[in-house]
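Below is one structure, written out as structure tokens; the observations come after it.
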Amino acid sequence: MDNTATAERISDRELMVSRTVNGPARIVFEAWTRPELFERWWVPKSFPISLLSCQMDVRVGGTYRLVFGHEGSTMDFFGRYLEVEPPSRLVWTNDEGDGETVTTVTFEEIEGMTRVVVHDRYPSKEALDAAVAEGSTAISAMPESLQQLDDLLVSLPR
Amino acid sequence: MVQYLTADLDASFAALSDSTRRGVLEHLGHADASISDLADRFEMTLTGMRKHVGVLERAGLVTTRKVGRVRACRLGPRQLAAETAWIERYRDAWDARFAELDRVIGELKRKRR
């Protein structure tokens, strides 16, 4: 089993990540839709942020809100579910930024394992570039100065 | 090595401090272009654009080569490496997330056996 995630910027405003998980789609889908399970893996322990609360009303039109803590301050991420099709498809919006980012996750079961594909569509190229610049989708171990340069470079509109 | 790196950073930051040069990088992110294309697009003289491209080139952000009578410009290794580095970090973050998900899935499977 290929156990490494692949990640690609597939267009100016889209990112795609995929990975195979060793379990049936029904269980994997549960881990993405039950808050008490979701909050155990969404923020890996090695990350410098923590998930303080997690509310999810997983049905079409239902909303979610995640509150993250980082160095004494908190950050809210929220949106609503556009499509809920257990155990194969989940679509939600991210409404906290300017414009709406839509995340589509598909779960395809193959011989007891599940291929998970996460697709993020940002409202515009500028929005994705800004997300890159803030490092909001990445954690880095690079020295700070290089990190800043890097962020500056990737933040340039393409 | 450290000095080299610092000089490199200074050149990069200096190169990026100008809005025309940032615009040139943006344009080259979509397609390669000649110096005269860029001069037209940014409404400046060939000489002025040559200077901007020279600054970007010295910072490793752009490479140029002579094709016949035209100097073709494209994004340099530095710019491409930065994008690659970012997507690598993004992938690493998801890898870590999926590793935790594996643990949760493993536990659920054991419970339901």
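Of the listed requirements (1) in contact (Cβ under 8 Å) with a residue 40 or more places away in the chain; (2) in a loop (DSSP other than H, G, I, E, B); (3) within 19 Å of B:D102 (Cα to Cα), A:P48 misses just one: (3). No other residue among B:A72, B:A59, B:A81, B:A96 is modelled with pLDDT of 90 or more and either at positive phi or small (G, A, S) (or both) apart from B:A72.
Could you tell me whether region B:84-107 includes any residue that is of a type in the set (V, I, T), surrounded by 16 or more Cβ atoms within 10 Å (Cβ to Cβ) and in contact with a helix residue (DSSP H, G or I) (Cβ under 8 Å, 6 or more places away or on another chain)? Checking region B:84-107: at least one residue is of a type in the set (V, I, T), surrounded by 16 or more Cβ atoms within 10 Å (Cβ to Cβ) and in contact with a helix residue (DSSP H, G or I) (Cβ under 8 Å, 6 or more places away or on another chain). Looking at B:R103, B:R78, B:R91, just one residue is under 28 Å from A:A7 (Cβ atoms), in contact (Cβ under 8 Å) with a residue 60 or more places away in the chain and in a helix (DSSP H, G or I), and that residue is B:R78. Step by step: first the residues of region A:1-51, then only those that are surrounded by fewer than 16 Cβ atoms within 10 Å (Cβ to Cβ) and among the aliphatic types (A, V, I, L, M), then the one that is modelled with the highest pLDDT. Which residue is that? Per the criteria, the residue is A:I10. With respect to B:R97, determine if the residue is touching a residue at least 40 places away in the same chain (Cβ under 8 Å) and basic (K, R). It is false that B:R97 is touching a residue at least 40 places away in the same chain (Cβ under 8 Å) and basic (K, R). When region A:16-33 is limited to residues that are at the interface with chain B (Cβ under 7 Å from one of its Cβ atoms) and assigned to a strand (DSSP E or B), the one that is nearest to A:L128 (Cα to Cα) turns out to be A:V17. When A:E108 is tested against the conditions (1) closer than 29 Å to B:R113 by Cβ; (2) within 11 Å of chain B (Cβ to nearest Cβ), the lone failure is (2). Within region B:54-75, being among the β-branched types (V, I, T) and in a helix (DSSP H, G or I) holds for one residue alone: B:V55. For region B:13-71, residues that are crowded, with 16+ Cβ neighbours inside 10 Å, away from chain A (no Cβ under 11 Å) and of a type in the set (G, A, S) total 3.
The values are calculated or read from the model by the stated rules, or taken from the named source; none is laboratory data. Everything quoted here is computed from the prediction, not taken from an experiment. Neighbour counts run over all protein chains shown; Cβ positions are idealised from the backbone, glycine included.
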